[in-house]
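This report concerns only the one structure given below.
The values are calculated or read from the model by the stated rules, or taken from the named source; none is laboratory data. Computed from a predicted model, the values in this text were never measured in an experiment. Every residue, glycine among them, receives a Cβ derived from its backbone with ideal geometry; neighbour counts consider all protein chains shown.
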Amino acid sequence: MPDPVKNPGIGQPGAAQRQLLDLLAEGAPLEHFTQPAEAAKKANAPESELAAITEATRVALRIRDTLSQHRRREAELAALFDTAGDLAALRDLDAVLRAITRRAKLLLGTDVTYLSLNDEEAGDTYMRVTDGCVSAAFQQVRLGMGEGLGGLVAESARPYTTGDYRDDPRFKHTNTIDSAVTEEGLCAILGVPLRLGTRVIGVLYAADRSARTFSPDEVALLSSLADHAAIAIDSARLMDETRTALVDLNQASQTIEAHSDAMRRAEEAHDRLTDLVLRGGDITDVATAIGTILNGRTLIHDADGGELARVGADAQPPPAQAVTASRTGGRAVPVDGTWVCAVLAGHELLGSIALTGRPDLGEADRRLFERASVVTALLLLLRRSVAETEDRIRGELLGDLLSRAADLGTLTARARRLKVNLNDPHTVFVLHARSATRQRLLAAATRGAQTRQGLAGLHHEEVVLVCPSGTPSSCASEIADELSHAVASPVTVGAAGPATGPEHFADAYLEARRCLAALRALGHDGTGAALADLGFVGVLLGDQTDLHGYVRHTLGPILEYDAKRGTNLRHTLQTYFAAGMNQTRTREALHVHVNTVVQRLDRIGQLLGRDWQRPDRALELQLALRIAQVSSVRSTQAASTVSASEV
């Protein structure tokens, strides 16, 4: 080191600045930087030169501090890199944890370092490893989340530091923690979280037994070490788990291979089923695919037990107990050689799938079957969404049609978009179920409307069904049987029609309502009929009284028989009723043998049915005979009037 006193140019500012630069380059101690100014004073340098040398010294010291910080940071980074390398080379978890605490102690130069890990089951953090600790109680302490400095770090995932822990009011003090800290003699503590992503797995600490302040650089340094340590801990844990899982290499290999095959099959099956749904496949296509994938036969039912699809299996209702068990447990369940899986959307039951022919369904295929139920649920939800939209549109059209609430041309166009031709003959049915809910009856009627290309909905709180049909009577009876089976309750159906053209549907609806009311009043629940089927009751309730139609409906077989054979069974029947249904008096009135009367009555029974003498049926026949007689008289009078006018 040059001696400033002996240097002949030391009193000059340029020489002093050069000496300060040499000191910076040599990394000289702090006290050497005051020597140029002292030498200038001894040389009695002018005040201006002394001021310049003093300013140069101040700048040199500032540069020296900056260089020192860079060197220290470089040393810390080198230590971190060395630490990362050391931690990466370690495979044993205990060795990793000991290396972390030892390196933290060396980097920060503290008396004690220690590390705690979070216990997710217990909900606290516990001391795992220490370096420099002497207290057994401190090495075994557990901190609840939010308790003490460490508990607060573990809970908040933020670093905390204190110069004197025992007198710091920011932390939640407990007797257990405070006594352990006191026994260890700790004063200043720094804690930083060990984080994996957003999850805190523990806390790394550095502590001194005397008061001190941890600088931000020290906090950042320990945090960086903690980040490396968290990764190393996670790697060590994974390595331990891998070693444990591979104790029996052959068995593990077979398990992985089987699992891989099962996953591949499951993914292929899921992709196949999902693609099938997205391409517009129906429920039968899905049932077929499930049966093909699982090598079995399938049945799919809706939530009410109605069959939606069946491929290769015999028709059978879903086992209610098995569906309930699958819905509760979330797994497919076996019952009598059949596997049953509930089809769910959240907690809502949409239906069930039954797989037969595979009593030995393995775990992989069982999960595949369960995955198929998820795809089936997706299809049913899509179908329901589409159906609800279409049902709403059809219901709105039905309401406007029955109440004449829109222009006829508009109604026709709206119906055409739904592939319904209102100019074709349609029958209107009004439905009533004795015990089933209205919504359940509406759902069944909607399914019937979809099958028959018709409309269904609620109108004035009544379930109404409109279908293409020119035979109200037979169709009403068929629909009553079908819906009674669907809702498991007698369904009564009043029918009217056929209505051809949108202007006639409202009148047909009103007639169907009257027919339904008559059926229920007469005690004919669970049947379907039109007013024409109700005899004289229908004649009385009808808007347009069709007396000739009533006569033909009631006496048709008799009238046809007389017309073809030239007989007069109608007169015999009329005389029989007039004689109080007494064969002897009938014989006398007709002037024939009693056997002839018996033969004619037998023929009448063959034509009208064996119950023709039942009181209600006899009443219908007598009323029809009387109407026919009056009609004949009126026809004769009209013919006479025409003849007289011609004369």
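When LEU50, LEU61, LEU24, LEU80 are checked against the criterion of being part of a helix (DSSP H, G or I), over 30 Å from LEU225 (Cβ atoms), at pLDDT below 75 and not assigned by TED's automatic domain parsing to the domain that holds GLY109, a single residue qualifies: LEU24.
When LEU541 is tested against (1) at pLDDT 85 or above; (2) in contact with a Lys or Arg (Cβ under 6 Å, 6 or more places away or on another chain), only condition (1) is not met. Of the candidates GLU218, GLU147, GLU184, the single residue that is of a type in the set (Asp, Glu) and touching a Phe, Trp or Tyr at 6+ places or on another chain (Cβ under 6 Å) is GLU184. Might you check whether a residue that is more than 26 Å from ALA532 (Cβ to Cβ) and assigned by TED's automatic domain parsing to the domain that holds GLN629 occurs anywhere in the range 558-566? Yes, some residue in the range 558-566 is more than 26 Å from ALA532 (Cβ to Cβ) and assigned by TED's automatic domain parsing to the domain that holds GLN629.
Give the residue, chosen from ALA377, ALA354, that is surrounded by 18 or more Cβ atoms within 10 Å (Cβ to Cβ), under 16 Å from LEU278 (Cα atoms) and without any contact (Cβ under 8 Å) to a residue 60 or more places away in the chain.
ALA377
One line per residue, one yes/no per condition, for (1) among the hydroxyl-bearing types (Ser, Thr, Tyr); (2) without any contact (Cβ under 8 Å) to a residue 12 or more places away in the chain; (3) closer than 24 Å to GLU388 by Cα:
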{"site": "ARG447", "(1), (2), (3)": "no, no, yes"}
{"site": "ALA456", "(1), (2), (3)": "no, no, yes"}
{"site": "SER469", "(1), (2), (3)": "yes, no, no"}
{"site": "SER474", "(1), (2), (3)": "yes, yes, no"}
{"site": "ALA512", "(1), (2), (3)": "no, no, no"}
{"site": "CYS515", "(1), (2), (3)": "no, no, no"}
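Considering THR274, THR376, THR338, THR284, which residue is over 21 Å from GLN450 (Cβ atoms), of a type outside the set (A, V, I, L, M), touching a strand residue (DSSP E or B) at 6+ places or on another chain (Cβ under 9 Å) and not assigned by TED's automatic domain parsing to the domain that holds LEU483? Let's see the steps before the verdict.
Working: THR274 fails: touching a strand residue (DSSP E or B) at 6+ places or on another chain (Cβ under 9 Å); THR376 fails: over 21 Å from GLN450 (Cβ atoms); THR284 fails: over 21 Å from GLN450 (Cβ atoms).
When all the criteria are applied, what remains is THR338.
Within the range 273-311, the set of residues being surrounded by 14 or more Cβ atoms within 10 Å (Cβ to Cβ), more than 13 Å from VAL374 (Cα to Cα) and at pLDDT below 75 comprises LEU276 only.
Residue pairs whose Cβ atoms lie under 6 Å apart, separated by 6 or more positions or on different chains, with the first residue in the range 308-324 and assigned by TED's automatic domain parsing to the domain that holds LEU355 and the second among the acidic types (Asp, Glu) and buried (at least 17 other Cβ atoms within 10 Å of the Cβ), are LEU308/ASP302.
Would a scan of the range 111-132 turn up a residue that is assigned to a helix (DSSP H, G or I) and either modelled with pLDDT of 90 or more or over 52 Å from the mean Cα position of the chain (by Cα) (or both)?
Checking the range 111-132: not a single residue is assigned to a helix (DSSP H, G or I) and either modelled with pLDDT of 90 or more or over 52 Å from the mean Cα position of the chain (by Cα) (or both).
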